[in-house]
1. Being of a type outside the set (Gly, Ala, Ser), without any contact (Cβ under 8 Å) to a residue 40 or more places away in the chain and surrounded by 18 or more Cβ atoms within 10 Å (Cβ to Cβ) is true for just one of Val285, Val280, Val307. Which residue is that?
2. Among Phe80, Phe98, which is of a type in the set (Phe, Trp, Tyr) and part of a loop (DSSP other than H, G, I, E, B)?
3. Is the stretch 182-200 home to any residue that is open to solvent by 30 Å² or more (accessible area, probe 1.4 Å), in contact (Cβ under 8 Å) with a residue 24 or more places away in the chain, hydroxyl-bearing (Ser, Thr, Tyr) and closer than 18 Å to Glu103 by Cα?
4. Can you confirm whether Arg53 is surrounded by 12 or more Cβ atoms within 10 Å (Cβ to Cβ), modelled with pLDDT under 75 and either part of a loop (DSSP other than H, G, I, E, B) or more than 21 Å from the chain's Cα centre (by Cα) (or both)?
5. Before we move on, is Phe80 more than 30 Å from Val267 (Cα to Cα), open to solvent by less than 70 Å² (accessible area, probe 1.4 Å), touching a Gly at 6+ places or on another chain (Cβ under 8 Å) and modelled with pLDDT of 70 or more?
6. If we keep just the residues of the stretch 29-49 that are open to solvent by 40 Å² or more (accessible area, probe 1.4 Å) and over 17 Å from Ser298 (Cα atoms), which is modelled with the lowest pLDDT?
7. Please verify whether the stretch 207-218 includes one or more residues that are at pLDDT below 90 and over 25 Å from the mean Cα position of the chain (by Cα).
8. If I ask for residues that are among the β-branched types (Val, Ile, Thr) and surrounded by fewer than 22 Cβ atoms within 10 Å (Cβ to Cβ), which ones from the stretch 201-217 would you list?
Amino acid sequence: MSRTLKTAGSLLGSVLATLFGLAVVTFMIGRVMPVDPVIAAVGDNAPEAVIERVRVEMGLDQPLIVQFGHYIWQLLHGDFGKSILTQNPVTTDIAHYFPATMELATYALIIAVVIGVPLGILSAVKQGSVVDQVIRVLCLAGHSIPVFVLALLALLIFYAALGIAPGPGRQDIIFQDMLPSVTGFLTVDALLARDMDAFRDALAHLVLPVTVLSYFSMAYITRMTRAFMLDALKGEFIVAARAKGLSMTRVIFGHAFPTVAVQLITVIALTYAGLLEGAVVTETVFAWPGLGQYLTISLLNADMNPVIGATLLIGLIYVGLNLLADVLYRVFDPRVQ
C-alpha cells in the first residue's frame, strides 16, 4: 500500500512540476516575443497616452514576478485572455476550433493503428523477406516525405487533376452552419441529425487530410510494432511455445503480441498527442478550420493570447496522455508495480 502511495505521489509530483514548467514557458513566450502586445492591441498609430493606459490595464507595467502570479491566477480560473482578432475569449475560440482538430486526429489515429499494427507484426514475422522490405520502404517514405508535400500532392492529384475529391475546407458552403453542434465532430453530428447528405459531404472532406496524417502516423506505429515484435519473438517463452508444437498464429497472437500491446499503449497515446499538435501544416494546406489554423493565423497577426492558450492546451494534452499511458502501462503489465 505504501509503495502504491509512493508511486502515486511521485506521478503527481512529476505532473505538477511539468505543468509548472509549461506555465513558465508559455508565460515567457508572451514576454520575449518581439511584438509588443499593447501595440498589437491598440495599433501602431495609437496616441502614447492610450498605449500607456492599455499597458496599465493589461498589467504589463508590473514587475515580472507580479505578472507571473497574475498569469497563474488566470490559468487556475480557466482564463486565457481575449483574442484581438476575434474579440472572443480564447477559451471560447478554442472550444469552437478544437473539435475540428480532434475529429481529424481521431480518424487518422484509428486508421494508423488498424493498418500500422498488423503491418508491423507482418514485417517482424517476415523479417528479411520481400514483404518486410516493401513495408520498411513504405514506412521510410512516410517518415521522410514532409507532411506539407504529401498534402499538396494529394490536392494536386485528387482534387485539381482527377476531380474525385472535394476542395479544401471542412464542408461545402451549402452545408455550413446547418447542423446543430452536439459533439463537434461533423460526421457524428450529421448522423445524429439524420442528415446523410451532410454526413457524406463531411466524410468526403475528411478523406484527403486524414489519409495524409494517418500515413505519417502509420509509418511510425508500424516501425515501433516491428521493433517490439522482433524483440518479443526472440524471447525464451516463444521458443518454448514453438517447441510445444503450437501454431505460428497462436504463438504470435497468444504469446508475443500481448507483451507488445502493453508497450504500444505509450506509442499510440503519444502519437495521438502528436496528431493533435502536428496538424498545423495539414490544416493550413487543406484550409481546415481547426486549432492549427487558428494558431497559425493568430501567430501571423501577433495575437499572442490565442498562441499562448493553444500552446498551453497542447502541452496539457501531452501531459495528460503521457500520464494516462503510464497508468495503463502499470495496470496491464504486472511486472511494473
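1. Val280
2. Of Phe80, Phe98, the one residue that is of a type in the set (Phe, Trp, Tyr) and part of a loop (DSSP other than H, G, I, E, B) is Phe80.
3. yes
4. So Arg53 fails the test.
5. In short, yes.
6. Here the answer is Asp44.
7. So far as the stretch 207-218 goes, no, none of its residues is at pLDDT below 90 and over 25 Å from the mean Cα position of the chain (by Cα).
8. Val207, Thr211
The values are calculated or read from the model by the stated rules, or taken from the named source; none is laboratory data. These numbers were taken from a predicted model, which means no experiment stands behind them. Heads up, the Cβs are rebuilt from the backbone with ideal geometry, glycines too, and the neighbour counts pull from every protein chain shown. Side chains included, ligands, DNA and RNA excluded: accessible areas come from the protein's heavy atoms. Shrake-Rupley method; radii C 1.70, N 1.55, O 1.52, S 1.80 Å.
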